[in-house]
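Chemist: Have a look at this one before I ask anything.
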Amino acid sequence: MTKVIGLTGGIATGKSTAARYLVSQGVAVLDLDAETHELEAHDQATIQQITATFGPEVQVNGQIDRHRLGQLVFADSTQLKRLVRIINPALLRRVTAAMAESDLLVLDAPTLFENGFTSYVDQILMVTCEPLVQMQRLITRNQVSISRASQLMGAQWSQATKAALADWVVDSTAGETQLTQQLQTWLEKMR
């Protein structure tokens with residue numbers, strides 16, 4: 001039976017760095033954001049549902065314009081929930097398929113809690129960092145304003161709330177070396 005781990009963390013906390021490290025250690029990681037992007041770009045049923053729900057302006061050249069869609073859903077939690085209800089069934093099919101291929105599967109899911117995926121995992125691994133570091137990373141990485149970074153951070157549950165619900169918390173505030181040392185300790189316990 002496959003053990004499924006939910007890897008989560010707030011935007012720009014180091015979760016993707018953690019996922020890359022786990023992949024480098026031979027762990028199967030399914031990036032739910034990348035899977036969502038794939039669905040919005042190529043899955044006709046998903047594209048049609050999103051377009052029917054949010055209007056033709058979210059579609060460009062037969063694909064979902066993620067920027068336009070993001071402007072709609074990140075500004076309104078009700079709209080975000082509508083999008084999640086469209087995407088989740090297709091994502092769950094992909095998770096089920098990935099589970100058949102590995103004994104240990106990590107779901108890289110920044111919105112693991114927000115999108116209701118906790119019931120599909122055996123354990124939750126949370127990546128956290130100091131909020132000021134998170135804000136600085138987000139502004140630099142996404143080249144956004146402080147207000148847009150705040151909006152993006154505010155669309156997710158707080159780090160403290162997620163950490164309280166996680167089985168294991170690793171901190172990336174001091175950088176990648178600190179993070180990978182903590183991940184190696186976690187991985188040794190998992191194996």
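Laboratory data are not the source of any read-out in this text; all were calculated from the coordinates shown. Fair warning: this is a prediction, and the values are worked out from it, not measured in the lab. Positions of Cβ are generated from backbone atoms using ideal geometry, with glycine treated the same way; all protein chains shown enter the neighbour counts.
Chemist: May I ask what percent, to the nearest 5, of DSSP beta bridges between residues of the range 3-190 are antiparallel? If you can, show how the numbers build up before the last one.
Modeler: Details: 2 of 20 bridges.
Roughly 10 percent of the beta bridges in the range 3-190 run antiparallel, per DSSP.
Chemist: Now, a different point. Helix 15-24 versus the longest principal axis of the chain: what is the Cα-based angle in degrees, 0 to 90, to the nearest 10?
Modeler: It is inclined by approximately 60 degrees.
Chemist: Anyone know which of 13, 128, 177 comes out most mobile in the 10 Å Cα GNM of the chain?
Modeler: 177
Chemist: Using only the alpha-carbon atoms of the range 3-190, report the extent along each of the three principal axes, biggest first, to the nearest angstrom.
Modeler: For the range 3-190, the Cα spread along each principal axis is 48, 42, 26 Å.
Chemist: On to the next question. Would you mind calculating the gained length between residue 144 and residue 45 on full extension (0.36 nm times residue separation, minus the Cα-Cα distance), in nm to one decimal?
Modeler: This chain segment gains 32.5 nm when fully extended.
Chemist: Right, here's the next one. Binning every alpha carbon pair distance of the range 1-45 at 10 Å from zero, what are the percents per bin?
Modeler: Over the range 1-45, the share of Cα pairs per 10 Å bin runs 23, 45, 29, 4 percent.
Chemist: Label points 7 Å out from Cα along the Cβ direction at residue 76 and residue 103: separation in nm?
Modeler: According to this spin-label approximation, the distance is 4.9 nm.
Chemist: Within the range 150-191, which residues have the backbone N less than 15 Å from the label spot 7 Å out from residue 25 along Cα→beta-carbon, could you tell me?
Modeler: Only 168-172, 176-191 pass the distance filter.
Chemist: On C-alpha positions alone, give me the angle between the axis of helix 44-54 and the longest principal axis of the chain, in degrees, nearest 10.
Modeler: For helix 44-54, the angle is close to 70 degrees.
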